[in-house]
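S.K.: One structure is given below, represented as structure tokens, and several questions about it will come after.
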Amino acid sequence: MDWISSETSLSTRDGITSQIGLLWQQVRAPLLVPSLRIMVFLCLAMSLMLFVERVYMGIVIAFIKVLRRKPEKKYKWEPVKDDLELANYSYPMVLVQIPMYNEREVYQLSIGAACNLSWPADRILVQVLDDSTDLTIKAMVEQECRRWAGKGVNIKYEIRDNRKGYKAGALKEGMKHNYVKLCDYVAIFDADFQPDSDFLMRTIPFLVHNPEVGLVQARWKFVNSDECLLTRMQEMSLDYHFTVEQEVGSATHAFFGFNGTAGVWRITALNEAGGWKDRTTVEDMDLAVRAGLKGWKFVYVGELKVKNELPSTFKAYRYQQHRWSCGPANLFRKMALEIAANKKVSLWKKCYLIYSFFFVRKIVAHIVTFIFYCVVMPATVLIPEVQVPIWGAVYIPSTITLLNAVGTPRSLHLLVFWILFENVMSLHRTRATFIGLFEVGRVNEWIVTEKLGDALKTKMSSKASKKDRFRIGERYKLHFMEIFVGLYLLLCGWYDYSFGKNRFYIYLFLQSMAFFVAGFSYIGVFVPNS
């Protein structure tokens, strides 16, 4: 009887397997194969768009470097000079805004840096916009402002009753005070930014001598880029943005996206553009686009660097990337028609804004990275009837990757890790992009990026217990989407290794491991030396 029941069980299992196989064959040819071919075609088209964009910017930046086209050569620049008759009135009145929200670790650094800017004391006004909800931190920030006021610094501590509009709301409210009417320009620094003392001396002349210039933007310098592999990966991505994207936009169209900090606005340009708006999570980009459509020119000074801090935990980085990916997509949804209908800027600039600045960089770049390399290409392993040409699978992504990596030559040896990391983050960015495009779910979510400031130095120099050294991630928090994609890639890799001929399995295994590392939060975790 036992052998009869065994045979029955085996026949049942064989029957189920054959039914699944039959269903797979019935669905595969008429549905899956054509669908996958369409997806491959669309992904190849998007890859070509991104490839052309990267090559174009690579050529432009090469000309900029070879010809040494510094902004001082393109625009009139000479230092603001003392005048015996006018005294300090030869210097324009400058407002320095520092928006804050529970910045326990960095408030002293940012306030101190702003108060130490080289500019006549009676021609500068520091405005601390404190949205803190922690009463202890609020009292500490207010006390710090009083301390600097006691040293003769013209500093204002401003609070409001609510956090409506978050950072954009705070900046907008800050501009309403009567004393702001005395100011010609406004410099903005996030709470973790520490400008050098000569910042105003190097930026204000562009605005003083060029009435068509509405914004001067400096570059970011990361003080904690060597903290862990997560910060090194961020540095590689952001260095390309500052070294290439910002430079090219400034040199070719006198336009780029304001980074929200480390920049100086002409207050007239800011007001003419409609001021700060909180309709998206990228209020800085929103303002820049509106000002650009009014005809104002922007200047990027890449040689001027302002120290700041990168997110050092995966949780903080994910929140930041959600905001940076969702916001531009949502802004594109809101402004595409307005840009197209604008009559103050040239057709060439409108095409640049809609196609290059928004569509390719803010939407296509995120979507194609995840859909093509983490979904479609692995699927061709399971459905070998569909092939990805070698130029689309190898040559184009390799060229794009190398062009992206030129901004950080010191990290070229980490290129493989960076590719895997960027593909993992593309899942999160793609999801955020669709949320922004369709304006659903967490479209207006704003979570302030955690900053560590001097606490970071203490953390790096202190010794941790064995329990702390070997903790995994953020208290074992799981990210199920990353784990699911990791399992999918692992399955495709195993299938390719066992039955396939593509030899994609090396990439698929490595990429699946990267998704698992992120899925189990074992990334951005500080493990100090004992």
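S.K.: Considering only region 346-366, state which residues are aliphatic (A, V, I, L, M) and open to solvent by 20 Å² or more (accessible area, probe 1.4 Å).
M.R.: Leu347, Ile354
S.K.: OK, next. From (1) farther than 30 Å from Ile523 by Cα; (2) open to solvent by 20 Å² or more (accessible area, probe 1.4 Å); (3) modelled with pLDDT of 95 or more; (4) not charged (D, E, K, R), pick out the condition that doesn't hold for Thr252.
M.R.: Only one criterion in (1) farther than 30 Å from Ile523 by Cα; (2) open to solvent by 20 Å² or more (accessible area, probe 1.4 Å); (3) modelled with pLDDT of 95 or more; (4) not charged (D, E, K, R) is unmet by Thr252, namely (3).
S.K.: With Phe372, Phe357 as the choices, which residue is more than 17 Å from the chain's Cα centre (by Cα) and over 24 Å from Arg232 (Cα atoms)?
M.R.: Going through Phe372, Phe357 in turn, the sole match is Phe372.
S.K.: Next up: Residues that are under 25 Å from Lys221 (Cα atoms), under 18 Å from the mean Cα position of the chain (by Cα) and among the aromatic types (Phe, Trp, Tyr): which helices (runs of 4 or more DSSP H) entirely in region 267-345 hold 1 or more of them?
M.R.: Answer list for region 267-345: 314-341.
S.K.: Just to be sure before I move on: is Leu125 closer than 17 Å to Gln194 by Cα, of a type outside the set (Ser, Thr, Tyr), open to solvent by 40 Å² or more (accessible area, probe 1.4 Å) and touching a strand residue (DSSP E or B) at 6+ places or on another chain (Cβ under 7 Å) in the structure I sent?
M.R.: So Leu125 fails the test.
S.K.: Please find, among Arg323, Arg279, Arg266, the residue that is under 22 Å from Ala432 (Cβ atoms) and open to solvent by less than 40 Å² (accessible area, probe 1.4 Å).
M.R.: Arg323
S.K.: Test of understanding: among Val180, Val208, which residue is at pLDDT 95 or above, touching a strand residue (DSSP E or B) at 6+ places or on another chain (Cβ under 7 Å), among the β-branched types (Val, Ile, Thr) and not in a loop (DSSP other than H, G, I, E, B)?
M.R.: Val180
S.K.: In addition: Kindly indicate which of Ala316, Ala393, Ala329, Ala365 is in contact with a helix residue (DSSP H, G or I) (Cβ under 7 Å, 6 or more places away or on another chain) and modelled with pLDDT under 95.
M.R.: It is Ala393.
S.K.: Somewhere in region 420-440, is a residue modelled with pLDDT under 95, open to solvent by 30 Å² or more (accessible area, probe 1.4 Å) and not hydrophobic (A, V, I, L, M, F, W, C)?
M.R.: Looking through region 420-440, at least one residue is modelled with pLDDT under 95, open to solvent by 30 Å² or more (accessible area, probe 1.4 Å) and not hydrophobic (A, V, I, L, M, F, W, C).
S.K.: Cβ-Cβ distance below 8 Å, separation of 6 or more or different chains: which pairs start in region 102-114 with a residue that is in contact (Cβ under 8 Å) with a residue 60 or more places away in the chain and within 24 Å of Asn162 (Cβ to Cβ) and end on one that is surrounded by fewer than 24 Cβ atoms within 10 Å (Cβ to Cβ) and among the hydroxyl-bearing types (Ser, Thr, Tyr)?
M.R.: Close Cβ pairs (under 8 Å, with a partner that is surrounded by fewer than 24 Cβ atoms within 10 Å (Cβ to Cβ) and among the hydroxyl-bearing types (Ser, Thr, Tyr)) amount to Asn102/Ser132; Asn102/Thr133; Glu103/Ser132.
S.K.: Same structure, new question: Which of (1) assigned to a helix (DSSP H, G or I); (2) open to solvent by 20 Å² or more (accessible area, probe 1.4 Å) does Pro384 not meet, given it meets every other one?
M.R.: (1)
The values are calculated or read from the model by the stated rules, or taken from the named source; none is laboratory data. Nothing here was measured: the structure is a model prediction, and the numbers come from that model. Using ideal geometry, Cβ is built from the backbone for each residue, glycine included, and neighbour counts are taken over all protein chains shown. Ligands, DNA and RNA are excluded from the accessible area calculation, which covers all protein heavy atoms including side chains. Shrake-Rupley method; radii C 1.70, N 1.55, O 1.52, S 1.80 Å.
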